[in-house]
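J.: One structure, pasted below without further comment.
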Amino acid sequence: EPALSLTTNSIYEGRVVLLGLEYLVMPNGESIDLEVVRNPGGAAVVALDTDNLVCMLRQYRHAAGGWLWELPAGKLEPGEAAQLTAQRELEEEAGLHAASWHRIGEFLTTPGFCDEVIHLFIARDLTSTVAQPQSHELIEVHWLPLTTALEQVQDGRIRDAKTMLGLLLAAGRAA
C-alpha cells in the first residue's frame, strides 16, 4: 500500500528537477515531511556494432568533477516514449542510427529522495549520421570492445551507474 501524500510545497523548479517538501502519511500511519526531487527520467543506449564494439562517450560532467565514460543517454521530454528518447540521444550525441532496438531494463537512480527512472536499451544494426550534441555538451565518441568496457566497470574506470548497469545487462543478453 503506497503512502498517502497530503501536500507538496514546491521549493525549486528548474529545467531538470522539481524539489518539493512533501507531507505524507506512510503505510504504517506515521506522518512525515520529506524532501523529494521529481525528475522526468531518461534513457540510455548500449550501441553495439557487428564486431561487438560498444559506443562510449567521454563526457565532461561538472557536477561529477570532470570527465566520465558514459553511454549515450538523455532526459525524457514531456510525452516522449523512452525508446524515442534513446533513439534521439544516440543520434544527437553519437551520430548513430540503429535499426534494431531491445529494451533491457530500467532502474531507479536514487530512490531515497528522487523518482528518476532510467530506461536501458541495446541498439544494433548501426549506421552513421551527423552528431548534433547540444551546446552545453562536451563529448568525445569512442568505440571499445564490450569486454574492455566490462573490465573498466570492474576496475573502476567506468563510474557512471547507468553505464555500468547498461553494460552489465547487455553482456548478460549477449552471452
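The values are calculated or read from the model by the stated rules, or taken from the named source; none is laboratory data. Since the structure is predicted, the reported quantities are computational estimates derived from the model, not experimental observations. Glycine also receives a Cβ, built like all others from the backbone with ideal geometry; neighbour counts cover every protein chain displayed. Only protein heavy atoms, including side chains, enter the accessible area calculation; ligands, DNA and RNA are left aside. Shrake-Rupley method; radii C 1.70, N 1.55, O 1.52, S 1.80 Å.
J.: What are the residue pairs meeting all of these: first residue in the range 85-102, first residue touching a residue at least 60 places away in the same chain (Cβ under 8 Å), second residue part of a strand (DSSP E or B) and open to solvent by 10 Å² or more (accessible area, probe 1.4 Å), Cβ atoms under 9 Å, and 6 or more apart or on different chains?
T.: Within 9 Å, the pairs are H102/I122; H102/R124.
J.: Which is open to solvent by 80 Å² or more (accessible area, probe 1.4 Å) and among the polar types (S, T, N, Q), of N39, N9?
T.: Values: N39 fails: open to solvent by 80 Å² or more (accessible area, probe 1.4 Å).
Criteria check complete, one pass: N9.
J.: Look at the range 1-20 and say how many of its residues are in contact (Cβ under 8 Å) with a residue 24 or more places away in the chain and charged (D, E, K, R).
T.: 1
J.: Within the range 52-71, can you find the residues that are open to solvent by 60 Å² or more (accessible area, probe 1.4 Å), touching a residue at least 12 places away in the same chain (Cβ under 8 Å) and not basic (K, R)?
T.: Of everything in the range 52-71, those that are open to solvent by 60 Å² or more (accessible area, probe 1.4 Å), touching a residue at least 12 places away in the same chain (Cβ under 8 Å) and not basic (K, R) turn out to be Y60, W69.
J.: Ok, one more. Is it the case that the range 72-81 has a residue that's open to solvent by 30 Å² or more (accessible area, probe 1.4 Å) and either under 19 Å from G166 (Cα atoms) or basic (K, R) (or both)? Outline the logic, then answer.
T.: First, the residues of the range 72-81 that are open to solvent by 30 Å² or more (accessible area, probe 1.4 Å): 75, 77-81.
Those left that are additionally either under 19 Å from G166 (Cα atoms) or basic (K, R) (or both): 75, 81.
Looking through the range 72-81, at least one residue is open to solvent by 30 Å² or more (accessible area, probe 1.4 Å) and either under 19 Å from G166 (Cα atoms) or basic (K, R) (or both).
J.: Here is a check on your reading of the model: is Y23 among the hydroxyl-bearing types (S, T, Y) and within 21 Å of E77 (Cα to Cα)? It would help to see each step written out before you state the result.
T.: On the way: among the hydroxyl-bearing types (S, T, Y): yes; within 21 Å of E77 (Cα to Cα): no.
Considered against the rule, which asks whether it is among the hydroxyl-bearing types (S, T, Y) and within 21 Å of E77 (Cα to Cα), Y23 comes out as no.
J.: Only residues that are under 10 Å from R124 (Cα atoms) and of a type outside the set (A, V, I, L, M, F, W, C): list them for the range 43-57, please.
T.: D49, T50, N52, listed by residue number.
J.: Given R88, R103, which one is more than 20 Å from A63 (Cβ to Cβ) and exposed (fewer than 15 other Cβ atoms within 10 Å of the Cβ)?
T.: The conditions single out R103.
J.: So which residues in the range 106-123 are among the small types (G, A, S) and loosely packed, with under 15 Cβ neighbours inside 10 Å, if there are any at all?
T.: Filtering the range 106-123 for residues among the small types (G, A, S) gives 112, 123.
Residue satisfying the conditions is G112 alone.
J.: From (1) free of Cβ contacts under 8 Å to residues at least 60 places away in the same chain; (2) touching a Phe, Trp or Tyr at 6+ places or on another chain (Cβ under 6 Å); (3) surrounded by 14 or more Cβ atoms within 10 Å (Cβ to Cβ), pick out the condition that doesn't hold for D33.
T.: That leaves (3) as the condition not met.
J.: Something else about it: (1) among the charged types (D, E, K, R); (2) part of a helix (DSSP H, G or I); (3) farther than 22 Å from H97 by Cα: which one isn't true of R159, the others all being true?
T.: So R159 meets the others, but not (2).
J.: Another question, if that's okay. Among the residues of the range 148-175, which ones are of a type outside the set (A, V, I, L, M, F, W, C) and touching a residue at least 24 places away in the same chain (Cβ under 8 Å)? Full working, then the answer.
T.: Of the residues in the range 148-175, the ones of a type outside the set (A, V, I, L, M, F, W, C) are 148, 151-152, 154-157, 159-160, 162-163, 166, 172-173.
Those that are of a type outside the set (A, V, I, L, M, F, W, C) and touching a residue at least 24 places away in the same chain (Cβ under 8 Å): Q152, R157, R159, D160, K162, T163, G166, R173.
J.: Can I ask one more? Has the range 124-138 got at least one residue that is among the polar types (S, T, N, Q), exposed (fewer than 15 other Cβ atoms within 10 Å of the Cβ) and modelled with pLDDT of 95 or more? Walk me through how you get there before you give the answer.
T.: First, pick out the residues of the range 124-138 that are among the polar types (S, T, N, Q): 127-129, 132, 134-135.
Filter once more, keeping what is exposed (fewer than 15 other Cβ atoms within 10 Å of the Cβ): 127-129, 132, 134-135.
Of the ones still in play, those that are also modelled with pLDDT of 95 or more are 127-128.
Yes - at least one qualifying residue is present in the range 124-138.
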